[in-house]
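This report refers to the structure that appears directly beneath it.
Bear in mind these aren't lab numbers, they're just calculated from the coordinates by the rules spelled out. Not measured: the values here are computed from a predicted model. For neighbour counting, all protein chains shown are included, and Cβ atoms are generated from backbone atoms with ideal geometry for every residue, glycine included.
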Amino acid sequence: MWRTDTYWFDVAIIMAIFAFGNMAFGRFEEHRPRWQRAIKTVLSISLIVGISVGAGRAWMYAFLGLALMAVVVVHGWWLPKLGVNGWTAEPRERYFALRGLGPDGRPLR
């Protein structure tokens, strides 16, 4: 009944990552339209399953590991280096400026 060697398991892993990410960090994406967030989810699932199909599950997990390392580098080193807390995104004004947003968190036009 429970098998981990299916593409559905790969999709479940990605959706679990997205569920946790949206729960914990969704407030940092409030300025982004819902359709863009939905496309990001669909493209991420397509990419991960595509890597799993084309190159194998080991490469898919290697890609996920590299993506996780990139997140750790950005939030643990790069953002603090620029004076922004990598966990809380404070001060908000500096975080918004790095994202190319105005002081109210809306995209600059």
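Here are some notes:
- From helices alone, the chain scores -19500 deg cm²/dmol at 222 nm; the rule is -39500 (n - 2.57) for each run of n ≥ 4 DSSP H residues, then divide by the residue total.
- Computed from Cα atoms, the angle from the helix 7-25 axis to the main principal axis of the chain rounds to 20 degrees.
- Residue order, fewest to most beta carbons within 10 Å, for Lys40, Lys81: Lys81, Lys40
- Among (1) -0.39, -0.70, -0.80, -1.22; (2) -0.53, -0.86, -0.94, -1.20; (3) -0.67, -0.94, -0.99, -1.14, the entry derived from the coordinates for log10 I(q)/I(0) by the Debye sum over Cα atoms at q = 0.12, 0.16, 0.17, 0.21 Å⁻¹: (2)
- Normalised contact order of the chain, rounded percent, pairs of Cα under 8 Å and 6 or more residues apart: 17
- A straight line joining the Cα centroids of the stretch 31-45 and the stretch 3-30 runs 13 Å.
- The angle separating the long axis of helix 34-54 from the principal Cα axis of greatest extent in the chain is about 40 degrees.
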